[in-house]
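*Asks:* Dropping a structure here in structure tokens format, bear with me for questions.
The values are calculated or read from the model by the stated rules, or taken from the named source; none is laboratory data. A quick note: this is a predicted structure, and the numbers were derived from the prediction, not measured. Here the Cβ is made from the backbone with ideal geometry for all residues, glycine too, and neighbour counts use every protein chain on show. The protein model used for the area step is the full one, side chains on, heavy atoms only, and it has no ligands, DNA or RNA in it. Shrake-Rupley method; radii C 1.70, N 1.55, O 1.52, S 1.80 Å.
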Amino acid sequence: MKVRTLKKDKVNIITLGCSKNMVDSEVLSGQLLANDIDVVHENTKRDHNIVVVNTCGFIDKAKEESINTILEQVELKKRGRLDKVYVTGCLSERYKNNLEEEIPEVDAFFGTMELPSILKQFEADYKTELVGERLLATPKHYAYLKISEGCNRTCTFCAIPLMRGKHISKPIDELVMEAEKLVRMGVKEVMLIAQELTYYGLDIYKKRMLSELLHRLADVKGLEWIRLHYAYPTKFPLEILDVMRERDNICNYLDIPLQHASDRMLDAMKRQIKQAEMDELIATIREKVPGICLRTTLIAGFPGETQEDINELKSFLDKHRFDRVGVFTYSHEENTGAYQFEDNVPQEEKERRAQEVMEHQQEISYELNQEKIGRVFKTIIDKKEAGRYIGRTEFDSVEVDNEVIITSEQRLKIGEFYNVRIEKAYDYDLEGVVVP
């Protein structure tokens, strides 16, 4: 009589949405591995039998992508290619009841803060001692470091507090320990992420503590670059600028999402700041950290926005000449503050306005890049494609910013730093050669 051998489970985690989701997936992977369960990210070999889809529910396009991905995995399950499909993350947090009704083939849905419950599906234990233990989904030389969860803001366009809850800071000692573990894994660059970096510490230390955290992280040996993402402009803790200037391994880079420049729009979005205050903040940042790279994100097509508001936004870009700008079209999200407003800018017009702003910024970006020709920058090598190396300077974050394209006779190591002289510059990318 033949005895059927039981195949060991292999879990594939598919992550959609932002880098904060990616960190959640990495933490889940670390917990599964610690429980002796085979796990991979975005497996292309298709030799897994269980899938966890970590969804995004931020805006319409993200929701659509998440649902399509779930349906693809359910179809594989129907065809016998998968045994189980689990869904977690923001979409699942926000629409769990609807999803259970609409897609009953999914084995279980989980919210954003239900890691122990997911592990129970695998008869695995949540190991609290595994602080910072992650299976990286990024190349091994960089990682995201999530310093807090949730958000206390009431921006009218944003559904994040509905999905992620109130702001909860991670203790400094825990984050330092996590950074040290990442360095031992080969990480040289960490990108600090949160819904709002600048609120860090208020809940657990009763004061803003980002500057103290930066000092402690800058002391971690082997950590060559520390990069700041998502710094909210209102009540900005100016003391972090002194730390950025003093500590060599904190990149001269700040991602500060402003969302708009028209006071009318800023009020409607409940951003708690006026354009004049943003002008003053930007001037202070540039004065205290000379040569800093400023990145911002903007929204086009918010309810009630006019062409005059867009013109004002373009003038604001001319005035401040941001190094990096991303523009999103407004998405009308239920249960947000703006849902009460009429979504009165047609989608086609939203996209036209976003394109108008991006084309305006494109010229600024080209001019700023031209100024880099002939200069030498410390550059990290991220990958090799089509015989050329792709790297980044300290002024560029992963996937969202400029890349440096390097043709080199010598073999360059991925994840290592080289001095690169810029020889050509385009709208968004640079070309250069390695110099001694």
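*Asks:* If I build a Gaussian network model for the chain, linking alpha-carbon pairs within less than 10 angstrom, which residue out of CYS155, CYS251, CYS18 has the largest mean-square fluctuation?
*Replies:* Judging by the Gaussian network model, the answer is CYS18.
*Asks:* Could you give the spread of the C-alpha atoms of region 293-388 along their three principal axes, from largest to smallest, in whole angstroms?
*Replies:* 51, 30, 22
*Asks:* Under a crude label model (7 Å from the Cα following the beta-carbon direction), how far is ASP427 from PHE341 in nanometres?
*Replies:* With each label placed 7 Å out from Cα toward Cβ, I get 2.8 nm.
*Asks:* Once you place label points 7 Å from the Cα toward the Cβ at ASN35 and ARG216, how far apart are they in nm?
*Replies:* Distance between label points: 2.9 nm.
*Asks:* I would also like to ask the following. If a paramagnetic tag sat 7 Å from the Cα of ARG247 along the Cα-Cβ line, which residues of region 144-179 would have the backbone N under 14 Å from that point?
*Replies:* 145, 147, 172-179
*Asks:* Continuing with this model, one more query. Given charges of +1 on the Cβ of Lys and Arg and -1 on the Cβ of Asp and Glu, with all other atoms neutral, how large is the dipole of region 84-128 about its Cα centre, in debye to the nearest 20?
*Replies:* With Lys and Arg at +1 and Asp and Glu at -1, about 200 debye.
*Asks:* Okay, moving on. Pop the C-beta distance of LYS319 and LYS8 into the FRET formula with R0 = 60 Å and round what comes out to the nearest 0.05.
*Replies:* 0.50
*Asks:* So for the chain: antiparallel DSSP bridges make up what percent, rounded to the nearest 5?
*Replies:* Around 35 percent of the beta bridges assigned by DSSP in the chain are antiparallel ones.
*Asks:* Taking every pair of alpha-carbon atoms in the chain, what share in percent sits in each 10 Å bin, from 0 to the bin with the longest distance?
*Replies:* Result, from short to long distances: 4, 19, 28, 28, 16, 4, 1, 0, 0 percent.
*Asks:* Put +1 on the Cβ of every Lys and Arg and -1 on every Asp and Glu Cβ in region 307-436; which of SER397, ASN311, ILE414 then has its Cα farthest towards the positive end of the dipole?
*Replies:* Most positive-ward Cα: ILE414.
*Asks:* Something else about it: For a quick check of your reading of the filter: which GluC sites (Glu not before Pro) in region 36-104 sit in a DSSP loop and have no more than 13 other Cβ atoms within 10 Å?
*Replies:* When the GluC sites (Glu not before Pro) of region 36-104 are filtered for loop state and at most 13 Cβ neighbours within 10 Å, GLU42 remain.
*Asks:* Also: Would you kindly compute the Cα radius of gyration of region 216-371 and its largest Cα-Cα separation (Dmax), both in Å?
*Replies:* For region 216-371, the Cα radius of gyration and maximum Cα-Cα distance read 17.0, 53 Å.
*Asks:* Could you name the lysines in cross-link range of LYS372, using Cα to Cα under 21 Å and dropping any fewer than eight places away on the same chain?
*Replies:* LYS319, LYS424
*Asks:* For the chain, what does the accessible surface come to per residue with a 1.4 Å probe? Please give it in Å².
*Replies:* Normalised by residue count, the accessible surface of the chain is 46 Å².
*Asks:* Same structure again: TYR126 to ASN43: FRET efficiency via 1/(1 + (r/R0)^6), r the Cβ-Cβ distance, R0 22 Å, to the nearest 0.05?
*Replies:* 0.40
*Asks:* Still on this structure: Counting Lys and Arg as +1 and Asp and Glu as -1, each charge on the Cβ, what is the dipole of the chain about the Cα centre in debye, to the nearest 20?
*Replies:* 1460 debye
*Asks:* Continuing with this model, one more query. Given a 10 angstrom Cα cut-off, can you work out which residue in SER25, SER408, SER262 is the most mobile in a GNM of the chain?
*Replies:* SER408
*Asks:* What part of the accessible area of region 263-400, given as a whole %, is carbon or sulfur when the probe is 1.4 angstrom?
*Replies:* 46 percent
*Asks:* For region 286-369, what is the charge dipole size about the Cα centre, in debye to the nearest 20, if Lys and Arg each add +1 at the Cβ and Asp and Glu each add -1 at the Cβ?
*Replies:* 580 debye
*Asks:* Can you list the trypsin sites (Lys or Arg not before Pro) in region 335-397 that are in a DSSP coil and have 15 or fewer other beta carbons within 10 angstrom?
*Replies:* Those satisfying the criteria are ARG375.
*Asks:* Quick one: net charge around ASP173, please, counting Lys, Arg +1 and Asp, Glu -1 for every other residue with C-beta under 15 Å from its C-beta. Numbers along the way, then the final one.
*Replies:* Numbers: positive: LYS170, LYS181, ARG216; negative: GLU129, GLU174, GLU178, GLU180, GLU212, ASP219.
Net charge around ASP173: -3.
*Asks:* Another question, if that's okay. Which residue, ALA143, ALA108, ALA261, has the most motion in a Gaussian network model of the chain that connects Cα atoms within less than 10 Å?
*Replies:* Its mean-square fluctuation being the largest, the pick is ALA108.
*Asks:* FRET efficiency for ASN97 and GLU348, Cβ-Cβ distance as r, R0 = 35 Å, nearest 0.05?
*Replies:* 0.60
*Asks:* What residue among GLN275, THR297, THR55 has its Cα farthest toward the positive end of the dipole of the chain, where the charges are +1 on Lys, Arg and -1 on Asp, Glu, each on the Cβ?
*Replies:* Final value for the positive-end residue is THR55.
*Asks:* How much net charge surrounds LYS314 when only the other residues with a Cβ under 14 Å from the Cβ of LYS314 are counted, with Lys and Arg +1 and Asp and Glu -1?
*Replies:* -4
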